[in-house]
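A.B. asks: Pasting a structure below so you can have a look.
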Amino acid sequence: MIRFATARILSLSLSLIAASVVVFAVVEVIPGDPASYMLGMNAEPETVSALRQELGLNGSIWARYFSWATGMLTGDFGISYTYRVPVSDLIVQRIWVSLPLAIIALLLSIIIAFPVGLIAASRRGKFSDYSIMGATQMGIAVPNFWFAMLLVLVFSINLKWFGAGGFPGWENGLLAGLKALTLPAIALALPQASILARVMRSSLLETLTQDYIRTARAKGLTRSQALRRHALRNAMIPVLTIIGLQFSFLLAGAIIIENVFFLPGLGRLIFQSITQRDLIVVESAVMLLVFAVIIVTFLVDLAYAAVDPRLRKS
Amino acid sequence: MKLPVQLILGLFLTAIFVIAVLLSFIWTPHDVSILTIPDKLLPATDKYWLGTDHLGRDMLSMLMVGARTSIAVAIVAVGIGIGIGVPLGLMAAANRGSFLDEIIMRGNDLVFAFPSLVIAILITAVFGPSAINAILAIGIFNIPVFARVTRGAALSIWTLDYILAARTFGKGAFRISAEHILPNIANLLIVQGTIQFSLGILAEAGLSYVGLGAQPPTPSWGRMLADAQTFIYTNPMLAFLPGITIVLMVLGLNLLGDGLRDLFDPRIRRQRE
């Protein structure tokens, strides 16, 4: 396990370096001169050169990459050009909306998908199975941001149970914050739960055809007993994969959903920064998202190896 | 042979959209490039079958023309994924375990770390928003998907006897990949293509919704939803129509993909018969 973990950590570091090179190249090398890009066409040459100085654009590409990458490692993301505050401060403020949103949505998706997938698998071919499969087929086809609008229409406008958007801030109490994140989290979670429930069902059905399940049935267990005691754990590996993949979708989805509910999260920061051509903010925020995806993939790999010793060899 | 129910339903839904798009090139109920402000925000009438939007444009015509954007973006993005991903996957499989295989697979992992929204954000931050960005972002995201599916399927075909036979005839890796591997994994690629197509429609809608995709005045479903959000209190139909259109299109494609998979996969077919 230690050898496996070391190898994975090595490949994790390589992925992070490669990803940072890609992000740096797209944002700082492809536009030519980021300073004149950020200031627009009508900028005075003196202003451009002052910004070049401020951004440290006068060094070689390698020196710039190196100072950017080491800066990120120490938590120094540079200074936002439009907000005039450290980018790390901006991101820390916003991440406390986006990250809880993605995590709540992930938990919600798991809480919904597990029982639903289990019911569908144990009642295969029956009416409840067909209804669940039909409902999840619809769930997959629904764009989460549109579903979010429907939720606003029903629960905010008609029933007035929730506000239609905005975020009170965590300092105004956990409950108020959670309430503001409820509809966005449901909107994010439901399409993902549909996918997860289907994976759960097919993985369980696949496991049920294994010999050890026949043995369990032969010794007198009913179908659902065999399912609960033997199939469930073994069916978890594909489900874990999908949960890992879903986290990156949820994080990206959170960025879009924030727009529906006017939540002051990472997504709104990114879109505002794109409009204001604040490349420094976009660069750091994107790097952070990619970083999160790579770390989650790494954790899922470790989780597999912990669940299934056979996977440690490959 | 009995056709799967999903296949028929999927074909039916997809056909409606294809016909609507083709029809939109020769006829739409109204011209979407003309703004009729006095007719804005009308409910469904004899003149406007699905009502009008905030600029007095006919919703049905907007949906028909918007379908072009969605379908064009998704098709080209799938094309990019197949065009680059499949050859990469075939190369990786033909050189299994080699340095090339390793490079291709690690490259895949790297691209996988960038969700299509993140790619779109990067491209837009540097080049400004356009439908091309959406195509590129979704297309790049599709490359590792097809590369992986191709490599996995090709690897299992490489172990078969007829490949060995082809090698004894002196065929090289390239000819074997093109003449024997590719035709045998084509079914799988068609199914994956349908799935990526439907994901592309969803992704395009999301990107245009946040302003990273097709720009006004080009009608697109995501853009229509973004516009409708302002009027959700007074005219919820404006938000309902493009949404349900996306759902039906994606549902149709997913059913089509499932149906094709059942049709191609004899194991599932036997179970049904």
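The values are calculated or read from the model by the stated rules, or taken from the named source; none is laboratory data. These numbers were taken from a predicted model, which means no experiment stands behind them. Here Cβ is always computed from backbone atoms with ideal geometry, including for glycine, and neighbour counts include all displayed protein chains. Just so you know, the surface numbers come from the protein's heavy atoms only, side chains and all, with ligands and any DNA or RNA stripped out. Shrake-Rupley method; radii C 1.70, N 1.55, O 1.52, S 1.80 Å.
A.B. asks: Touching a residue at least 40 places away in the same chain (Cβ under 8 Å), within 14 Å of chain B (Cβ to nearest Cβ) and of a type in the set (A, V, I, L, M), is that true of residue A:239?
C.D. replies: So residue A:239 does not fit the description; no.
A.B. asks: Restricting attention to segment B:194-230, which residues are outside any loop (DSSP other than H, G, I, E, B), farther than 24 Å from residue B:122 by Cβ and open to solvent by 10 Å² or more (accessible area, probe 1.4 Å)?
C.D. replies: B:194, B:195, B:224, B:227, B:229
A.B. asks: Could you please find all residues in segment B:131-165 being of a type in the set (S, T, N, Q) and not in a helix (DSSP H, G or I)?
C.D. replies: Across segment B:131-165, the qualifying residue is only B:159.
A.B. asks: Output the number of the condition that residue B:223 fails; it satisfies all remaining conditions of (1) of a type outside the set (Gly, Ala, Ser); (2) touching a Phe, Trp or Tyr at 6+ places or on another chain (Cβ under 8 Å); (3) within 11 Å of chain A (Cβ to nearest Cβ).
C.D. replies: The single condition residue B:223 does not satisfy is (3).
A.B. asks: While we're looking at this one, here's another question. Residue by residue through segment A:119-130, note down the ones that are open to solvent by less than 50 Å² (accessible area, probe 1.4 Å) and within 30 Å of the chain's Cα centre (by Cα).
C.D. replies: Result: A:120, A:121, A:129.
A.B. asks: So which residues in segment B:166-193 are of a type in the set (Gly, Ala, Ser), part of a helix (DSSP H, G or I) and more than 30 Å from residue A:139 (Cα to Cα)?
C.D. replies: Result: B:166, B:173, B:177, B:178.
A.B. asks: Looking only at segment A:253-280, filter to residues that are open to solvent by 20 Å² or more (accessible area, probe 1.4 Å), under 18 Å from residue B:225 (Cβ atoms) and not hydrophobic (A, V, I, L, M, F, W, C); which one of those is farthest from the other protein chains (Cβ to nearest Cβ)?
C.D. replies: A:268
A.B. asks: Does residue A:249 satisfy being at pLDDT 85 or above and of a type in the set (Phe, Trp, Tyr)?
C.D. replies: no
A.B. asks: Please verify whether segment B:123-130 includes one or more residues that are open to solvent by 30 Å² or more (accessible area, probe 1.4 Å) and assigned to a loop (DSSP other than H, G, I, E, B).
C.D. replies: yes
A.B. asks: Next up: Which condition number does residue A:160 fail, the rest of (1) out of contact with any helix residue (DSSP H, G or I) (no Cβ under 6 Å at 6 or more places or on another chain); (2) more than 24 Å from residue A:116 (Cβ to Cβ); (3) in a helix (DSSP H, G or I) being met?
C.D. replies: All conditions are met except number (3).
A.B. asks: Inside segment B:83-109, can you point out the residues that are surrounded by 19 or more Cβ atoms within 10 Å (Cβ to Cβ) and hydrophobic (A, V, I, L, M, F, W, C)?
C.D. replies: B:86, B:88, B:90, B:91, B:92, B:93, B:94, B:104, listed by residue number.
A.B. asks: Run down B:250, B:191 and say which single residue is modelled with pLDDT under 90, open to solvent by less than 20 Å² (accessible area, probe 1.4 Å) and not basic (Lys, Arg).
C.D. replies: B:191
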